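Bear in mind that the values in this text are calculations on the coordinates, not laboratory data. Quantities reported herein were computed from a predicted structural model and do not represent experimental measurements. Note: ideal-geometry Cβ built from the backbone for every residue, glycine included; neighbour counts use all protein chains shown.
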Amino acid sequence: MIPIENFLILSALLFAIGFYGVMARRSAILILMSVELMLAAVAINFIAFATYLDADAFSGLVFALFVITVAAAEVGLALGIVLRLYRERRTANVDEADSLKW
Amino acid sequence: MSLAQELHYIGPALALFVGAGVVLFADVLSGRRAPRWGLTLAALAVALAWTFVLAMDGDARGEALSGAVRVDAFSIYFAFLLVGVTLAVVLCAKRWADSIEQGAEFYGLLLISAASMVLLAQGNDLITIFVALETTSIAQFIMAGLARTDRSAEAGLKYLLTGSVAAAVLLYGFAFLFGMAGSTSLPVVAEYVASAPESGRLPLLLAFVFIIGGFGYKMALAPFHAWVPDVYQGAPSIVGSFLSVASKAAGFAVALRVFYTGLGGGDSFMAEDWAIFVAVIAGLSMIFGNTGALLQTNAKRLLGYSSVAQAGNVAVGFAAVAAGSTIGPSGVLFFLGTYAVTNLGAFIAVHVVAERLGTEEIADYAGLSRRSPALAAVLSLCLISLTGIPPTAGFIAKVYIFNAAVQTGHDWLVVLVAVAVVNTAISAFYYLRWVRTMWMDDPVEETRFQPAGAVQVVLLLSGFGVLLFGVWPGPLINAARSAAETLSIL
Amino acid sequence: MAQADALYVDYLPVLLAAIVGFVLVFSALIGSRLLAPFSQEREKGTTYECGMLPLQRASTNFGMRFYLYAILFVVFDVEAVFIFPWALSFMGIGQFAYWSMVVFIGILGLGLGYAWKKGALQWR
């Protein structure tokens, strides 16, 4: 078996990359993609734990499914809002959306 | 357990969910020229949900739906609070909802959001908690972006982006908790934590930091508060009033649930580590919130910063929770109860002014006492209560929660309370300046106006509540105490 | 170590398939290079050998409608993920699970009906 640490390190790296992306990117779409990376890291964690812990820990696998579906719903909504903002402002950059003091 | 009994346990949430569906379908099926049924149907659904809550046995303790939800005095307390707030918001929203194209969608989303919050307070499993949290968040994202203004869309986008990051952070903590306990069920997690080896300290602390980051976002605690002023200002004011009261209460409810029911609360061997962390966050929230609010000229934005500072006050009780104090959680519950009444009154008053006078600037509140005396009186009362001056509910709440923290006997909690008292003095400056503007300054215009009938009732009730809990807090404190006692299950 | 070896043995078919795939593809490419006739006309160089000449830049804006469809598709598509584990364990979980899934699909259907009635599926 591949030791569980490998999965945990992979997911920690993915999470960190995603978090960096959220902080460094300006386009709302790219921020969303970074959030997806973070959620993927979480899903990897859940599946790794569920597989290694014991055969009955199905709840981890189920949790991963819920993470995936909720992420899809969130992205769908975000795209909708970005489209609306884009139609009015012709930009998808969050730091140009500054009519509110950020 | 029979199906009927299980359905009774999730009755309030179910009534709200079904109500949301009915509102949405009534809208698409009735066509363009049909009368607007949204308000009536939504009010009926909320009233039905409230009946379900009232019909619940206050001493009931149990799990339903294979352990996914838990019903006890704690969940009933929050169900009562959240459904009540939703009813008030539904009653005050008519004028605004009629003015936009998506009135029915607004009611539907409001009900979905409220239903998930009720489930959130009942959550007994990490999966339930996550799904309920995301359902209520997604509905709130849409509501924040519902108005046809540029700012509203921007508020929605910012709320969504920050919210999804917070969800990912929270989930990362949940994943570690699951990895250690081997189950997502809170009672199983509680058993694990109660007998956790010393080597589990570091991973548990890591999980705790991630989880408090995720929940801190919902509770509007610093340093996870950057979205609060922007969203409160950009979102429609009626949505803002719902967010500032219900969303925050639900955030604290679920955080208490996870830390007390799941992680053992004050009895845990890590209680002290957690408490120091929460205490730092509480102090930061008060300082950031109050200094931020000092410079604001926009009423909604000021209430946003003030809500961060108030979240810091509640978190003082939270820090006392983890430090082993038993009155800490009841302090949190009592504070949230009075805060709901107070802040709802203030925000709805701002909503009325924004609607009638078309302004959110505090300078334009000049002479409001002459233009709409009752409105100005209620708003002033709420602001005084937010400051924490007797004989209002806010005063009792602050005394109660600070007392809980001091009684634990930890030096650093005494320091935290000292910080809180200094911050109360700072907050008096901007709250009372606003009150002074309303009563002392001359209005630009003398025309009088009055809010609609239902809005008047809500405003008067909240003003009345602020005074009532200020002079006679006993019943609410008792309810909060018995609710807090059911939190711990081991 | 023996465990790790067993793991790699499990992946042997994958390696074989990869090698066979590479050999097949490259032999096909090189074979056609060697055997097939080539013409050097200008038309051969265009993006589409037959059909319209490409006149614009490739990165034009798509209509908003495409995005709406894509969003709707993604949401409904991902909800289907719950059906797979249900189907795999269908024999062992009994009546209650069956009716739960009926309710779930019913709610999804209602959602689709709502989107339809709202005109989200209309091509304007």
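Quick notes on this structure:
- Overall form of the range A:1-73: oblate. Here a/c, set by the Cα gyration tensor axes a ≥ b ≥ c, is 1.5 or more, and a/b is not larger than b/c.
- With each label modelled as a point 7 angstrom along the Cα→C-beta vector, the A:I29-C:L16 pair spans 4.4 nm.
- Per-residue [θ]222 nm for chain B (sum of -39500 (n - 2.57) over DSSP H runs n ≥ 4, rounded to 500): -25000 deg cm²/dmol
- Relative intensity, log₁₀ I(q)/I(0), of the protein assembly as shown from a Debye sum that treats every alpha carbon as a point, q = 0.08, 0.09, 0.10 Å⁻¹: -0.65, -0.81, -0.99
- Gyration tensor verdict on the range B:412-490 (Cα atoms; rounded if a/c is under 1.5, prolate if a/b is larger than b/c, oblate otherwise): oblate
- Cα→Cβ-extended label distance, 7 Å offset, between C:F90 and B:Q456, nm: 6.2
- The equivalent ellipsoid of the range B:285-403 has semi-axes of 29, 15, 10 Å, largest first, where each one is the square root of 5 times an eigenvalue of the Cα gyration tensor.
- Charge dipole (the protein assembly as shown, unit charges on Cβ, about Cα centre) - positive-most of C:A70, B:A115, B:I238: B:I238
- Ordered from longest to shortest, the equivalent ellipsoid semi-axes for the range B:14-93 are 30, 14, 8 Å, each the square root of 5 times a Cα gyration tensor eigenvalue.
- Cα shape, the range B:216-319, gyration tensor, a/c 1.5 rule: oblate
- Ordering B:H410, B:V254, B:A147 by the projection of their Cα atoms onto the charge dipole of the protein assembly as shown, which places +1 on the Cβ of Lys and Arg and -1 on the Cβ of Asp and Glu, puts B:A147 at the extreme positive end.
- Additional length obtainable on full extension of the chain from B:W472 to B:D441, 0.36 nm per residue less Cα span: 7.8 nm
- The charge dipole of the protein assembly as shown, taken about the Cα centre with unit charges on the Cβ atoms of Lys, Arg (+1) and Asp, Glu (-1), comes to about 2080 debye, rounded to the nearest 20.
- In order along the range B:408-420, phi translates into HN-Hα couplings of 5, x, 8, 4, 5, 6, 5, 4, 4, 5, 4, 4, 5 Hz, rounded to whole numbers, per the Karplus curve 6.51 cos²θ - 1.76 cosθ + 1.60 with θ = phi - 60° and x for Gly and Pro.
- Here the dipole of chain B is about 880 debye; that uses its Cα centre as origin and unit charges on the Cβ of Lys and Arg (positive) and Asp and Glu (negative).
- Subset of B:K94/B:K398; B:K94/B:K300; B:K248/B:K300 violating a 26 Å alpha-carbon distance limit: B:K94/B:K398
- ³J(HN,Hα), Karplus 6.51/-1.76/1.60, whole Hz, each residue of the range B:245-262, x for Gly, Pro: 9, 6, 5, 5, 4, 5, x, 5, 4, 6, 5, 4, 4, 5, 7, 8, 6, x
- Within chain B, the longest run free of exposed loop sites, counting GluC sites (Glu not before Pro) that sit outside DSSP helix and strand states (H, G, I, E, B) and have at most 13 other Cβ atoms within 10 Å, spans B:102-444.
- Label-reachable residues, the range B:150-182, where backbone N falls under 14 Å from a point 7 Å from A:R89's Cα toward its Cβ: B:150-162
- Inter-probe distance in nm under a simple model that places probes 7 Å from Cα toward Cβ, at B:A47 and C:L7: 6.4
- Value of Rg to Rh for chain B (Rh from inverse mean 1/r over Cα pairs, i.e. Kirkwood): 0.96
- Chain B: relative contact order in percent, alpha carbon pairs under 8 Å with at least 6 residues between: 15
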